[in-house]
Amino acid sequence: MPSATIKIFLAHGDPKRLRTAELSNWTGKAVAGPRSEFDSVLARDESQNSGVYFLTGVDPETGKSAVYVGEAESIRDRVKGHLDKDFWNHIAFFISKDENLTKAHIRYLEGRLIEQAKQAGRAQVKNSQSSGARLPESDREDMEIFLEKIHQLLPVLGVEVLVPTTINAACATELESLSCEIKGLKATGHLTPNGIVVFAGSQAVLNERPSSQKYPWALNMRQKLKDDGALTVKTDHLLFAQDVEFSSPSAAAAVIHGGHTNGLIAWKNKDGKTLKELESV
């Protein structure tokens, strides 16, 4: 993505409460806030415009992050109909300040955003149906640019449902591949802004260390990954069935090693240098 200048306005001076965000040289605008300030968010003039919105929270049945992506010719009127959904605790919506988003435009955006949220895999997408619309080539290109701006602003507003855990080939060349090995097993990954991603196909020990009882969080994390299908049991090891992002190198190493491990030492680059050594350069 190109560099960007973002202007954020905190309506109450609190970054967790009602806020707006804009990019320089872009006609779009984002408004976000907690469900507890639902009335204040929808009292803003922007909510009368057409646009797309994100309702985010935690699914009460699974305990996993969840998102609903929608479109509306009047954000205010449509979102009021979602008060019966109890999973969401935050709303963010995007409109065009020059009011040039048509029904076809926002349906196209909604369809692409649902698709991208599913691909990112960070949250359970609560939409029961897909969406979308056919657009002329010029309009489609304009909406792809609008999508790019949404991708830039949404994480700044604290919503990361579109942030992929995997990276494209262009970015991959800029990131150093890391590996974590134990007992002839090997896991690979790379650092991310949120921590570290362990790639699908990586291996982890089958059995936990006896000392792992002192660190139940590592055991719980391994079990959760098994329950979710991210870690599958093989004859003599565990296999990562998909890319998995961890909050720190040590959290990832603990799952791979079957117990508490210093990730700054366990993870190494292709030259055998540990993360600790790389960070001290």
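The values are calculated or read from the model by the stated rules, or taken from the named source; none is laboratory data. Keep in mind it's a predicted model, so treat the numbers as computed, not measured. Every residue, glycine among them, receives a Cβ derived from its backbone with ideal geometry; neighbour counts consider all protein chains shown.
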Taking the condition among the small types (G, A, S), crowded, with 19+ Cβ neighbours inside 10 Å and closer than 30 Å to A230 by Cβ, does A72 pass?
no
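Yes/no per residue for (1) more than 25 Å from M1 (Cβ to Cβ); (2) touching a Phe, Trp or Tyr at 6+ places or on another chain (Cβ under 8 Å); (3) at pLDDT 95 or above:
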{"site": "T62", "(1), (2), (3)": "yes, no, no"}
{"site": "E71", "(1), (2), (3)": "no, yes, yes"}
{"site": "K85", "(1), (2), (3)": "yes, yes, no"}
{"site": "K97", "(1), (2), (3)": "no, no, no"}
{"site": "N100", "(1), (2), (3)": "no, no, no"}
Is it true that some residue in the range 126-138 is buried (at least 16 other Cβ atoms within 10 Å of the Cβ), touching a Lys or Arg at 6+ places or on another chain (Cβ under 6 Å), free of Cβ contacts under 8 Å to residues at least 60 places away in the same chain and under 17 Å from G51 (Cα atoms)?
yes
Filtering strands (runs of 3 or more DSSP E) wholly in the range 1-109 for at least 2 residues that are among the hydroxyl-bearing types (S, T, Y) gives 51-58, 65-72
Mind listing whichever residues of the range 83-101 are free of Cβ contacts under 8 Å to residues at least 60 places away in the same chain and under 21 Å from T20 (Cβ atoms)?
W88, N89, I91, E99, L101
